[in-house]
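Below is one structure. I have some questions about it.
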Amino acid sequence: MSTAALRAHLLTARLAGPVATSREESLRRYRLFAARDPRVLLGLEPEYDWSFMELLGLMGEKCGVSVDPANVSGPDVIDPELTIAALDAFADRLRAAARDRLPVLLGTGHPHRLLGFYAALASALSAAGCRVLTPAQGRCIDITTRFGVRTHRLAYVRGVAMVRAPGARPTRSEPGAHCHSPLPVRVALGRAAESGGPLPGLVIGDHGWVCGAGQLGFEAIGPGDTDDPALFVGEAEGRVSVAVPLDDGVRSGYYRPITRYVLNRACLSQ
């Protein structure tokens with residue numbers, strides 16, 4: 001896929017340009033992040049006390065959102081050129097991991113949307129000689145949700161980690177639970193260390209998987225939406241290697257052209 005075709009797809013699928021994430025939600029989460037609310041820190045412990053206006057400026061620089069605080073309604077906006085530049089950097093990190101045959105860990109808090117994207121990366125990296133890690137398979141994790149603390153189970157599907165609610169029966173469209181918590185990656189990495197097995201040279205994921213791993217000193221890359229300031233703060237502070245601005249909640253099929261583009265650029269097409 002050419003860069004021009006990718007840009008057109010990003011806009012048509014609303015992965016970039018005006019996205020489904022509302023301006024109100026983005027601004028609300030910037031304020032929560034400035035107040036260091038753990039629900040939006042995603043496992044990151046910022047070194048700097050980011051104010052709301054500083055966060056707004058950063059997200060304008062990294063994602064292309066409006067930096068006007070008076071703009072308070074309507075859909076938020078992602079600059080597709082910033083998305084493409086970040087996807088290129090993302091692909092470069094995949095190429096380096098494949099070249100060095102690094103062990104990799106992949107995990108998602110959006111399994112119903114992004115499982116196919118990460119599974120394709122896992123397959124390509126495995127074919128290139130990277131070991132795809134699956135530590136703490138089946139481990140129970142107590143995660144705080146809006147309904148209180150709920151016990152979830154860590155599961156791997158096609159090499160990609162996710163959590164499942166107790167008693168949940170996974171389906172093709174809902175293979176796991178939506179989750180922002182950094183606890184799953186902490187448990188996975190802790191188990192890998194305890195077992196003496198290999199630790200990942202690269203963690204690929206979203207939400208708490210990226211920020212939680214980056215906070216622990218592991219190289220981490222992944223996508224983030226306009227209401228996920230933690231990934232972009234982590235990138236600005238040097239604990240997230242690449243944060244890709246895009247809508248992380250569109251139909252799963254819309255990520256396939258992105259997958260092809262990234263794997264082609266990384267020289268990992270199968």
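The values are calculated or read from the model by the stated rules, or taken from the named source; none is laboratory data. The structure presented is a predicted model; accordingly, all values stated were derived computationally and were not measured. For neighbour counting, all protein chains shown are included, and Cβ atoms are generated from backbone atoms with ideal geometry for every residue, glycine included. These area figures cover heavy atoms from the full protein model, side chains too; ligands, DNA and RNA do not enter into them. Shrake-Rupley method; radii C 1.70, N 1.55, O 1.52, S 1.80 Å.
Could you tell me how far the Cα centroid of the stretch 211-244 sits from the Cα centroid of the stretch 4-59, in Å?
After rounding, the separation between the Cα centres reads 12 Å.
Follow-up question, since we're still on this one. So if I place +1 on the C-beta of Lys and Arg and -1 on the C-beta of Asp and Glu, and nothing else carries charge, what would the dipole magnitude of the chain be about its Cα centre? I want it in debye, nearest 20.
1320
Please give the per residue accessible area of the chain, computed with a probe of 1.4 Å over protein heavy atoms only, in Å².
Accessible surface, normalised per residue, equals 43 Å².
Let me ask something additional. Please tell me the relative contact order of the chain in percent, rounded to the nearest whole number, where contacts are Cα pairs under 8 Å and at least six residues apart. Walk me through the numbers before you get to the answer.
Details: 545 pairs, mean separation 70.5, N = 270.
Averaging sequence separation for qualifying contacts and normalising by length gives 26 percent for the chain.
Could you order W209, W50 by accessible surface area, starting with the largest, using a probe radius of 1.4 Å? Don't skip to the answer; put the middle values down first.
Values: W209 10, W50 40 Å².
The ordering from most to least exposed comes out as W50, W209.
So what does S123 come to for accessible area, using a 1.4 Å probe and Å² rounded to 10?
Taking all protein chains as shown, S123 has close to 60 Å².
Rank E81, E54 by accessible area, highest first, at a 1.4 Å probe radius?
The residues order as E81, E54, largest area first.
If you take every residue apart from P103 with its C-beta less than 15 Å away from the C-beta of P103, what net charge results, scoring Lys and Arg +1 and Asp and Glu -1? Don't skip to the end; give the middle numbers.
Numbers: positive: R93, R99, R101, R131, R191; negative: D100, E219.
Its environment carries a net charge of +3.
Probe radius 1.4 Å, ligands and nucleic acids ignored: give me the carbon and sulfur share of the accessible area of the chain as a rounded percent.
Working: 5830 of 11510 Å².
About 51 percent, which is the carbon plus sulfur part of the accessible surface.
Toward the positive end of the charge dipole of the chain, about the Cα centre and with charges on Cβ (Lys, Arg +1; Asp, Glu -1), which of L246, I78, G201 goes farthest?
Towards the positive end, the residue furthest out is G201.
Here's another thing I want to ask about it. Can you give the calculated 222 nm mean residue ellipticity of the chain, where each DSSP H run of n ≥ 4 adds -39,500 (n - 2.57) and the sum is split over every residue, rounded to the nearest 500 deg cm²/dmol?
Numbers: 10 runs with 114 residues, N = 270.
So the helix-based figure for the chain works out to -13000 deg cm²/dmol.
So which residue, out of V187, V242, V233, gets the largest mean-square fluctuation from a GNM of the chain using Cα contacts under 10 Å as springs?
Judging by the Gaussian network model, the answer is V187.
May I ask what percent, to the nearest 5, of DSSP beta bridges between residues of the chain are antiparallel?
If I count the DSSP bridges inside the chain, around 50 percent turn out antiparallel.
For the stretch 109-241, give the magnitude of the charge dipole about the Cα centre (Cβ charges: +1 Lys/Arg, -1 Asp/Glu; no others), in debye to the nearest 20.
About 660 debye.
Would you rank E235, E47, E24 by solvent-accessible area, highest first, keeping every protein chain in place and using a 1.4 Å probe?
E47, E24, E235
Scan the chain and note any complete DSSP helix (H) whose C-alpha atoms cover at least 27 Å along its axis and whose Kyte-Doolittle average is -0.5 or more.
80-100
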